[in-house]
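The values are calculated or read from the model by the stated rules, or taken from the named source; none is laboratory data. Owing to the predicted nature of the structure, the values given are computational and were not obtained by experimental measurement. Backbone-built Cβ (ideal geometry, glycine too); neighbour counts: all protein chains shown. Just the protein is used for accessible areas: all its heavy atoms, side chains included, with ligands, DNA and RNA removed. Shrake-Rupley method; radii C 1.70, N 1.55, O 1.52, S 1.80 Å.
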Amino acid sequence: KNRRLGYNHCKDVSNMFATKDLSEDIISAAAKEYTGNLLQSGIRYPIRSLLIDNFDSYTYNIWQILTEVNGIEPYVLYNNAFNSNWNKMIEEMPAFDNIVLSPGPGSPENRADFGLCHDAILRSNVPLFGVCLGHQGLAHVYGGKVIRGKVPMHGRLSTIHHNNENLFANLDPITSVVRYHSLEVEEDSLPSALHVTARTTDGTIMGLAHRFKPQYGVQFHPESIKTQSGRNYFENFRDITLEYHLNQKKSLHLPSAKSKQYSYSNFHPKIRQNQVDNSFQQEKERFISVHKIYSTVDPSILFEQLYGKDAASFWLDSAVDHIYNNTSTYNFKKSGRISYFGSASTPHSHVLEYLGNNTIYIRRFNQNYEVVQQNIFEYLKLKLHDELQTKSTFIDGDVNCLNDLPFNVTAALFGYFSYELGQETTELLANIGNFNYTLPTQHSTGTHSNVPLALLMFPSSFVAYDHDESVYYVVSFVETSASTSSSEVNNAKSRIVKTGRDIIEKIASTASLSSPTNKSAVQNTKIFDTAVHPSTILRAEKTRQQYIDDINSALTYITSGDTYEVCLTIQFNGKMHAVRSPLEVYKVLRKGNPAPYACYLRYDPLSMMGEGGDSRREYLEWCPQGGIAVCSTSPECFLRIDEEGLMTSKPIKGTAKRDLTNATHDLAILQILSQDEKCQAENLMIVDLVRNDFGRVCEVGSVCVPKLMDIETFATVHQMVSTIQGTLRPDRDVVDVLLATFPGGSMTGAPKKRTMEIIRQLEGRPRGVYSGAMGYLGLNGLADLNIVIRTAFIANDTLTVGAGGAIVALSNAEEEVEELLVKAQSVSRSLNCKVEFAASTGIEMDSSLD
């Protein structure tokens with residue numbers, strides 16, 4: 001509570017000084033007086049830090065702690081800012097009180113990896129704290145050597161002892177810390193200007209301090225969720241800074257008008273006001289009509305009846321909740337109450353296709369397409385900003401207000417973001433505020449390489465099913481602007497009411513047909529036992545040895561310090577049986593492998609546009625014959641944002657195949673998984689990464705981990721799952737969150753940017769929808785997205801299943817291959833398929849259904 005009060009006090013002081021046009025002399029005099037008052041009162045902040053980001057995925061964990069501890073947000077610069085020119089940086093930047101050097105990939109001996117950090121150590125005249133790479137750089141700059149350690153230590157805990165001084169003041173003499181490093185400082189080369197302040201029990205240097213300057217380093221990560229008393233290191237550094245300024249008779253640097261240029265908002269992507277489209281500025285009103293009906297008809301039957309043949313349809317399916325309801329012998333955890341489904345191949349609906357290169361295609365039912373030259377994130381940000389200003393009115397239905405619904409979305413974009421879109425998010429974060437640059441083109445090799453980077457459906461009506469109450473809700477809406485005539489408004493309102501009633505009648509009719517006395521009338525909804533031909537083989541694009549070679553290459557990158565963890569994947573391809581539809585494939589998957597974040601999407605733009613649209617092939621070069629389908633039985637939640645702004649992510653790292661024939665052995669497998677050091681290391685690295693991503697956009701101090709390394713049980717596997725939460729800042733929105741978090745860290749590894757570069761090099765082909773995210777973005781700012789794993793992608797009568805695993809220093813290549821196959825089996829066994837590596841002996845699996 002005291003920290004929060006102090007932080008709010010500092011913000012008030014900062015705002016006071018930042019908004020006044022005062023001379024530097026007046027500010028300097030006020031700062032000296034203010035510093036003295038702080039010392040007399042015992043308050044230890046505000047202190048302004050400069051945090052130099054070495055393109056790491058843990059920097060914003062440090063940012064969050066510094067903001068709380070110092071009482072004011074740090075300035076953040078990438079290490080290549082100002083072209084790594086220290087003089088230019090000092091000339092342009094507002095003053096700061098101390099410097100923190102973040103962790104990061106690479107070595108300080110490579111200036112491209114260290115950038116401004118080198119001169120920060122050599123030339124700065126304020127206290128400096130280097131973490132991991134920053135610690136190694138402290139030794140390197142003064143003449144020491146950085147060498148490979150005996151064993152890479154990524155996501156692993158060690159016990160250290162220390163001198164109880166400076167950074168280690170008032171800490172337990174023996175404490176536990178988290179390490180993320182494969183390089184370390186060589187003891188014999190340690191320059192005389194530095195002395196050791198901490199070591200592990202085996203003697204590895206864990207802390208350094210300069211003998212004459214207030215410069216310190218730690219090899220471990222104090223910001224990690226598992227480091228004991230991690231916050232205390234930053235509190236001690238704050239006190240060191242305050243004492244230094246007092247002893248040097250210097251004042252702390254209070255904000256000036258110049259500080260605003262380097263504020264938090266300017267270091268995150270933002271909308272350029274001169275590019276706001278006038279179409280997003282009109283005063284609008286949304287009319288909503290909601291009808292409901294009680295029914296026990298299974299959503300699979302209803303979806304097929306309503307939208308099964310549509311060219312642009314979606315189904316966000318909480319499959320676990322109802323397939324095993326009251327009859328399951330499995331210990332499933334309830335993950336979703338509401339399923340959503342609908343179609344955008346209807347009048348007044350549309351689909352957004354984003355193929356990259358700042359080009360969006362908007363396709364409407366039976367009409368020509370429209371092209372918008374905009375980055376997808378900028379487009380979405382503008383649209384959502386506009387929608388939040390739109391007045392909503394409920395009309396002529398069974399529901400009169402949003403509070404009467406068990407869900408909070410009445411208009412949304414449903415669809416996916418492909419993994420390759422993550423190249424744009426990482427580039428956008430590295431080019432802060434600049435949406436106007438040319439991105440590298442997509443990979444052109446491999447299967448379905450040209451699918452849209454993002455595909456979002458905006459239906460004018462959709463169905464929501466409440467599994468708890470067995471109630472279907474039909475939501476229809478229309479938007480009008482100030483220029484819409486009253487007669488047009490009345491016609492639109494009548495249309496949406498009729499649409500809702502028509503769908504309700506179809507639900508009632510389908511429920512009647514589905515009754516025990518009318519089962520023969522709905523035989524076409526039968527779930528086939530085999531969705532692909534029983535002899536179908538899903539074959540990898542690489543041999544087993546090639547995949548092992550990729551694993552070993554990843555391990556080389558890990559031991560050289562370029563990455564901590566690499567999520568390495570491969571895809572298996574096979575031909576579908578000609579008579580089976582994608583929907584039948586999905587229905588078989590959801591039966592054999594039910595999951596809480598399952599979903600289905602089909603999109604065929606040629607069929608959608610019909611005779612009324614321009615469907616020439618040159619305008620649809622990416623589209624395979626028959627379109628595409630995504631059949632996902634994902635167990636993983638990538639991102640959920642609720643009406644209170646609470647953000648949740650549940651990354652999965654650590655998987656073990658279940659024994660469904662022996663309950664005792666199955667429980668033993670679960671317990672072994674929960675204690676597995678490699679899985680714990682994998683999971684911890686991604687937990688810290690997600691905390692970092694959330695820290696970019698969440699309220700200071702709100703990011704937390706309610707569940708760390710929890711074991712959740714699904715139909716075919718046990719998995720290690722952690723839950724990370726945070727409260728969204730009021731000046732951020734869902735698009736900011738996507739920019740900060742996508743793609744999910746569980747499918748990249750850490751640090752995210754450098755590891756994604758390694759993945760592109762090793763995998764040599766795009767992942768497509770696999771490893772991306774699928775779900776909805778509500779126009780009211782809410783979101784619910786999965787990680788696209790355990791998924792079959794269908795195009796050109798070819799079925800593709802992706803699988804992979806996290807490669808860490810503790811990985812064994814043969815064990816990684818087996819884990820890969822376990823994950824592939826979770827999909828292929830349900831489809832009665834076999835999988836094998838290219839040009840090698842097939843690895844056959846039991847072809848019976850689970």
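Quick notes
- Among the residues of the range 481-495, those identified as of a type outside the set (A, V, I, L, M) and closer than 21 Å to residue 291 by Cα are 490, 491, 493, 494, 495.
- Taken over the range 789-819, the residue count meeting the criterion of being assigned to a loop (DSSP other than H, G, I, E, B) and surrounded by fewer than 22 Cβ atoms within 10 Å (Cβ to Cβ) is 5.
- Leading residue by the ranking (nearest to residue 694 (Cα to Cα)) among those in the range 729-766 that are in contact with a helix residue (DSSP H, G or I) (Cβ under 7 Å, 6 or more places away or on another chain) and open to solvent by 30 Å² or more (accessible area, probe 1.4 Å): 733
- Hits in the range 163-181 - residues which are out of contact with any Asp or Glu (no Cβ under 9 Å at 6 or more places or on another chain) and assigned to a strand (DSSP E or B): 174, 175, 176, 177, 179, 181
- Residues of the range 23-75 classified as modelled with pLDDT under 60, open to solvent by 10 Å² or more (accessible area, probe 1.4 Å) and either closer than 27 Å to residue 564 by Cα or touching a Lys or Arg at 6+ places or on another chain (Cβ under 8 Å) (or both), total: 2
- Condition broken by residue 438, with the remaining ones in (1) of a type in the set (Ser, Thr, Tyr); (2) open to solvent by 10 Å² or more (accessible area, probe 1.4 Å); (3) at pLDDT 85 or above satisfied: (3)
- Residue check, residue 244 modelled with pLDDT of 60 or more and closer than 29 Å to residue 684 by Cβ: no
- The conditions of being modelled with pLDDT of 85 or more, in a loop (DSSP other than H, G, I, E, B), among the hydroxyl-bearing types (Ser, Thr, Tyr) and on the phi < 0 side of the Ramachandran plot are met by residue 346.
- The set of residues in the range 147-182 being surrounded by fewer than 22 Cβ atoms within 10 Å (Cβ to Cβ) and among the hydrophobic types (A, V, I, L, M, F, W, C) consists of 147, 151, 157, 169, 171, 174.
- Taken as a whole, the range 96-111 holds at least one residue that is hydroxyl-bearing (Ser, Thr, Tyr), out of contact with any His (no Cβ under 6 Å at 6 or more places or on another chain) and free of Cβ contacts under 8 Å to residues at least 60 places away in the same chain.
- Conditions (1) open to solvent by 10 Å² or more (accessible area, probe 1.4 Å); (2) at pLDDT below 95; (3) assigned to a strand (DSSP E or B); number of the one not met by residue 196: (2)
- Residues of the range 105-131 satisfying the condition of being in contact with a Phe, Trp or Tyr (Cβ under 6 Å, 6 or more places away or on another chain) and in a loop (DSSP other than H, G, I, E, B): 108, 127
- Hey, residue 177 β-branched (Val, Ile, Thr) and more than 27 Å from residue 694 (Cβ to Cβ) or not: no
- Looking only at the range 561-588, and only at residues there that are over 25 Å from the mean Cα position of the chain (by Cα) and within 23 Å of residue 817 (Cα to Cα), the one that is surrounded by the most Cβ atoms within 10 Å (Cβ to Cβ): 574
- Residue in the range 714-727 that is farthest from the chain's Cα centre (by Cα), counting only those that are of a type in the set (Ser, Thr, Tyr) and crowded, with 20+ Cβ neighbours inside 10 Å: 716
- Pick from the range 337-382, criterion open to solvent by less than 20 Å² (accessible area, probe 1.4 Å) and of a type in the set (D, E, K, R), ranking: farthest from residue 781 (Cα to Cα): 363
- Filtered residue count, the range 43-72, keeping only those that are under 26 Å from the mean Cα position of the chain (by Cα) and assigned to a loop (DSSP other than H, G, I, E, B): 5
- If the condition is being open to solvent by less than 10 Å² (accessible area, probe 1.4 Å) and under 31 Å from the mean Cα position of the chain (by Cα), then the range 107-130 contributes 108, 114, 115, 116, 117, 129, 130.
- Selection status of residue 300, among the small types (Gly, Ala, Ser), more than 33 Å from the chain's Cα centre (by Cα) and at pLDDT 85 or above: no
- Residues in the range 199-212 that are buried (at least 17 other Cβ atoms within 10 Å of the Cβ) and outside any strand (DSSP E or B): 204 only.
- Test: residue in the range 93-102 that is charged (D, E, K, R) and open to solvent by 10 Å² or more (accessible area, probe 1.4 Å): no
To keep it simple, each residue is scored yes or no on (1) open to solvent by 20 Å² or more (accessible area, probe 1.4 Å); (2) in contact with a Gly (Cβ under 8 Å, 6 or more places away or on another chain); (3) in a helix (DSSP H, G or I); (4) without any contact (Cβ under 8 Å) to a residue 40 or more places away in the chain.
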site	(1), (2), (3), (4)
625	yes, no, no, no
629	no, no, no, no
680	yes, yes, yes, no
690	no, yes, yes, no
705	yes, no, no, no
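- Scanning the range 479-504 for residues that are under 30 Å from residue 359 (Cβ atoms), open to solvent by 20 Å² or more (accessible area, probe 1.4 Å) and in contact with a strand residue (DSSP E or B) (Cβ under 7 Å, 6 or more places away or on another chain) gives 479, 481.
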